Protein chains: 2
Amino acid sequence: MQRIRIWSFSTLLKSKNLKSNTHTMASKPSIPKGTRDFSPIEVAKRQYIIQIIKSNFEKFGFQPIETPSFENSETLMGKYGEEGDRLIFKILNSGDYLAKANETHLENKDSTKLTASISEKALRYDLTVPFARYVVQHQNDIEFPFKRYQIQPVWRADRPQKGRFREFFQCDADVVGSKSLWQEVELVQLYDTVFTALGLAGVTIKINNRKILSGIAEVIGASDKLIDFTVALDKLDKIGEDGVKKEMMEKGISDEAILKVQPLFNFTGTISEKINQLSVLLADSQEGMKGVEELRFICDNVTELGLSTAILDLDVTLARGLNYYTGAIFEVAPPKSVSMGSIGGGGRYDDLTGIFGLKNMSGVGISFGLDRIYLVVEELNLFPETVTATSKALFINYGEAGAFYAMKAIKELRNSNIKVELYPDNTKVAKQFQHADKRGIPFAVIVGEQEMASNTFLLKNLVTGEQLSLDFESLKQSLLES
Amino acid sequence: MQRIRIWSFSTLLKSKNLKSNTHTMASKPSIPKGTRDFSPIEVAKRQYIIQIIKSNFEKFGFQPIETPSFENSETLMGKYGEEGDRLIFKILNSGDYLAKANETHLENKDSTKLTASISEKALRYDLTVPFARYVVQHQNDIEFPFKRYQIQPVWRADRPQKGRFREFFQCDADVVGSKSLWQEVELVQLYDTVFTALGLAGVTIKINNRKILSGIAEVIGASDKLIDFTVALDKLDKIGEDGVKKEMMEKGISDEAILKVQPLFNFTGTISEKINQLSVLLADSQEGMKGVEELRFICDNVTELGLSTAILDLDVTLARGLNYYTGAIFEVAPPKSVSMGSIGGGGRYDDLTGIFGLKNMSGVGISFGLDRIYLVVEELNLFPETVTATSKALFINYGEAGAFYAMKAIKELRNSNIKVELYPDNTKVAKQFQHADKRGIPFAVIVGEQEMASNTFLLKNLVTGEQLSLDFESLKQSLLES
């Protein structure tokens, strides 16, 4: 198996490389900034969250796909704007890449323009564009509506900062091939179900609709001011009505326009009441009223069906992904006791696959922010203790005969799905107990001359210090029940 | 949550990029050669194998770690020989990378030499070197002996061919910080346990020892001929004793040397008998005899403890990873009915972390070849049917009232962990049934006027055609039991 642990024969003959390299690596090794090593306990906690997300995706009928870590550059470039293009990690062509490099750009030392001629592949920047590419490429094999989920890492050459990494996981669930609003209803339920399962009661699922925003843009009479408008309105809690209006005017939104949307400065009540206010405000906007109708369907049904622990809220300042969402927009805020940005988001996009030539393929999806969810679950102390379960017992090693006796028992215990280990070396007993302690292993099993002679095992509870002499079956029962 | 589905406001303003790009992407999109998309059924099957490997790693006391997909180039370069250096995927520096490019190499158009000045990071080539880097970097936080497992993708710019990919998963379990041979014993058991759990009875776990090979090199009096020697000897079955001897002589191995190792041409019997033959053959080689002693300990204990379905075999031609293994060498061959290369391999290396400045850290580990194991399990038809389980039932959509009635039931069923779905659109019933069929969903639930009036559900078995009118509790029971 050359592919595993490859050190081929050709390598052997050049093994001096290895030695000469030792010198240059004298300093302690490190990893690229913005990346992370995950220790066993961190992997276990991340897996715990991923497993809950995954099992609920499946319970809701979503099926997993996986796409390659790198895509052809043309698949990714131009899909995320200029900023995105800059943040995409490009992979250098293999071999003599300069042979095909563009001469002009090379002479001009134009890095940006040269890239296309020396790099054909790039690391995935998100899961949405690869998914669109997947749907178009495999359209003849896919049964639509297609409910897919995807949990994989993505890479961005962003400036690393607290909570922002250059490699991080996205957890996405999308449905393509149906415009039914029942899917929006289900996605809200899916958020509720996952966060409830994680013990995160009281998350707020904010909902808005692109068509509502278009309607507001119509009312204020300036679609190019829509972002300025929502950004200002979003500060209502912080800077008050007068502050918001001042900011809006500074951004060139007219007095008259601000007057027209006066109800938004006092936008309170139940979702149903809010929707009624919007239907008055947007009465003259055909698109706005379509948004009201969609919101009403989704919110009414979610309310009727009920949520376990999440709160649904209508937030007209929610404008995420404005340039590609066409209907519902979602964002999830953590429980109010935690100070943290959103832990999930998504929405409907009517033409996701159009960029790859497949028209009229409506989609709607949501995403879970693994890293932030991790921090929230950690902060609220909601990881179950069992998440980091190590071995149940460490067999103490007193030498070859005892170790063999132990290994026979270990083999049987593992056959009964009990995690147990032998300390590999016949070293000081104190050191072995210390090892169990540091690893968080709750029991030690001691096998001395006496135990071997009587075919027993001494089981020691490392928390209470209690010791029991047991035959194999009792040992097994004790470990199973502990 | 900017990090999820990022389409920032700045992007919005440049959304024309998206449109202009539509032209260039008119042809059907594709993925880079040597990479793969995994469909839902393929992901499910891969996950099935990974889950079995993972749970047994944990049962044997191994703990998971994860390392970043890319490492600093200096961590990887020079560790896999010149060939390896060529096959490592390099990541182009972000921003104006040409500004820092080496002028001389740029002028000379020397791609190989230029790389270091325009690329600081590279994709992981295997899991072993990153693990060594991890151990050295986190040595103060690690409790040794450290049993870690790691299941992550690696990347190689190899020429793609059947069964060889540019992105593939490695599944490694290693112990560092102990020289105890009990670990070799356990690793053989781990192979046996995993392959037994996969239903792959009759794999052959081949074992050899680097010290045996050194002993043979001493006996033939030419360590530089050792590879030629083992390669030729490995052909014994194919070209016979005379053929092998001819090849050896052609490679410059003397008649006299060949005569000395004559027993290897008739190397049969039980492992124990083979070891006895070796102990005669290598009697004058101190290192060879150390190898014999190690082999004997491992094989005797494995034999005494017993294997479930695997066969342990001593193969003196096994020379994989010769330049860094220092003790045991393992390789696993699939059941004899399948024609395929090795599906696992590993061994002991006494100085893995030395390259990063941490001396005397002995390690031993094994690897599972996921892609090949997948092919073998597929060929032998050993994937359980449940592996691809989709939803249990599809609720047929007859319009808004019925859909709401269905959604209430769906919510309750999901609370009981039953996977069910509503067909999202109120479309032709035949099309909905077809959807269930294509998705492999075994039941349909029909909710018409009559059912709503009587508070019942019509459950249709899509295989037998049988229909039952049931109240909610009976529906739930039927789906739970089916």
*Quick check, is A:I31 more than 30 Å from A:L190 (Cβ to Cβ), out of contact with any Leu (no Cβ under 7 Å at 6 or more places or on another chain) and modelled with pLDDT of 95 or more?*
yes
_Suppose we filter the stretch A:61-76 for residues that are more than 7 Å from chain B (Cβ to nearest Cβ) and either assigned to a strand (DSSP E or B) or surrounded by 22 or more Cβ atoms within 10 Å (Cβ to Cβ) (or both); how many remain?_
2
*In the list A:P145, A:P130, which residue meets the criterion of being over 30 Å from B:I396 (Cα atoms), assigned by the TED database to the domain that holds A:I366 and at pLDDT 95 or above?*
A:P130
_Residues to consider are B:D234, B:D192, B:D300; find the one that is in the same structural domain as B:D350 (by the TED database) and among the charged types (D, E, K, R)._
B:D192
_Of residues in the stretch B:301-344 being in a helix (DSSP H, G or I) and within 8 Å of chain A (Cβ to nearest Cβ), the one nearest to B:K79 (Cα to Cα)_ = B:N301
_For the stretch A:78-100, give me each residue that is of a type in the set (A, V, I, L, M) and more than 8 Å from every other protein chain (Cβ to nearest Cβ)._
A:I88
_Residue under question is B:F383, and the condition is that it be within 17 Å of B:T196 (Cβ to Cβ), part of a strand (DSSP E or B), within 23 Å of the chain's Cα centre (by Cα) and not β-branched (V, I, T); does it hold?_
no
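Okay, residues lined up against (1) touching a strand residue (DSSP E or B) at 6+ places or on another chain (Cβ under 6 Å); (2) open to solvent by 10 Å² or more (accessible area, probe 1.4 Å):
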| residue | (1), (2) |
| --- | --- |
| B:Y325 | yes, no |
| B:F330 | yes, no |
| B:A333 | yes, yes |
| B:K336 | no, yes |
| B:S339 | no, yes |
| B:G346 | yes, no |
| B:Y349 | yes, no |
| B:I355 | no, yes |
| B:L358 | no, yes |
*Among (1) free of Cβ contacts under 8 Å to residues at least 60 places away in the same chain; (2) closer than 20 Å to B:E331 by Cα; (3) open to solvent by less than 60 Å² (accessible area, probe 1.4 Å), which single condition is B:D237 missing?*
(3)
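Mind checking which residues of the stretch B:157-168 are open to solvent by 50 Å² or more (accessible area, probe 1.4 Å), under 17 Å from B:V376 (Cα atoms) and more than 8 Å from every other protein chain (Cβ to nearest Cβ)?
Of the residues in the stretch B:157-168, the ones open to solvent by 50 Å² or more (accessible area, probe 1.4 Å) are B:159, B:161-162, B:164.
Right, trim to under 17 Å from B:V376 (Cα atoms) and you get B:162, B:164.
Result: B:K162, single match.
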*Could you grab me the full set of residues in the stretch B:300-314 that are in contact (Cβ under 8 Å) with a residue 12 or more places away in the chain and over 26 Å from the mean Cα position of the chain (by Cα)?*
B:D300, B:N301, B:T303, B:L305
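So that you can scan it fast, the table gives a plain yes or no per residue for (1) surrounded by fewer than 18 Cβ atoms within 10 Å (Cβ to Cβ); (2) within 19 Å of B:V219 (Cα to Cα); (3) at pLDDT below 95:
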residue	(1), (2), (3)
B:D255	yes, yes, yes
B:N266	yes, yes, yes
B:G269	yes, no, yes
B:N301	no, no, no
*Residue that is nearest to B:I446 (Cα to Cα), among those in the stretch B:386-402 that are more than 38 Å from the chain's Cα centre (by Cα) and part of a loop (DSSP other than H, G, I, E, B)*: B:I396
*Within the set of pairs 6 or more residues apart or between chains, which connect a residue that is in a helix (DSSP H, G or I) inside the stretch B:256-267 to a residue that is open to solvent by 50 Å² or more (accessible area, probe 1.4 Å) with Cβ atoms less than 7 Å apart?*
B:A257/B:G221; B:P263/B:Q277; B:F265/B:E241
*asked:* I'd like to verify a number: residues in the stretch B:366-381 that are more than 8 Å from every other protein chain (Cβ to nearest Cβ) and touching a Ser or Thr at 6+ places or on another chain (Cβ under 8 Å), how many?
replied: 1
*Consider only pairs whose beta carbons are under 9 Å apart and that are at least six residues apart or on different chains; among these, list those whose first residue lies in the stretch A:394-421 and is closer than 23 Å to A:E481 by Cα and whose second residue is among the charged types (D, E, K, R) and part of a strand (DSSP E or B).*
A:L394/A:E421; A:F395/A:E421; A:I396/A:K460; A:I410/A:E421; A:E421/B:K147
*asked:* I'd like the full set of residues that are out of contact with any Lys or Arg (no Cβ under 7 Å at 6 or more places or on another chain) and among the hydroxyl-bearing types (S, T, Y), limited to the stretch B:68-93.
replied: B:Y80
*So how many residues does the stretch A:89-132 have that are open to solvent by 40 Å² or more (accessible area, probe 1.4 Å) and closer than 27 Å to B:E82 by Cβ?*
6
*Given the conditions (1) farther than 19 Å from B:Q183 by Cα; (2) not in a strand (DSSP E or B), which single one is not true for A:D425?*
(1)
*Filter the stretch B:431-471 down to residues that are aliphatic (A, V, I, L, M), away from every other protein chain (no Cβ under 14 Å) and more than 27 Å from B:E385 (Cβ to Cβ) and give me whichever is most open to solvent (accessible area, probe 1.4 Å).*
B:A453
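The values are calculated or read from the model by the stated rules, or taken from the named source; none is laboratory data. Since this is a predicted model, take the numbers as computed values, not measurements. Here the Cβ is made from the backbone with ideal geometry for all residues, glycine too, and neighbour counts use every protein chain on show. The protein model used for the area step is the full one, side chains on, heavy atoms only, and it has no ligands, DNA or RNA in it. Shrake-Rupley method; radii C 1.70, N 1.55, O 1.52, S 1.80 Å.
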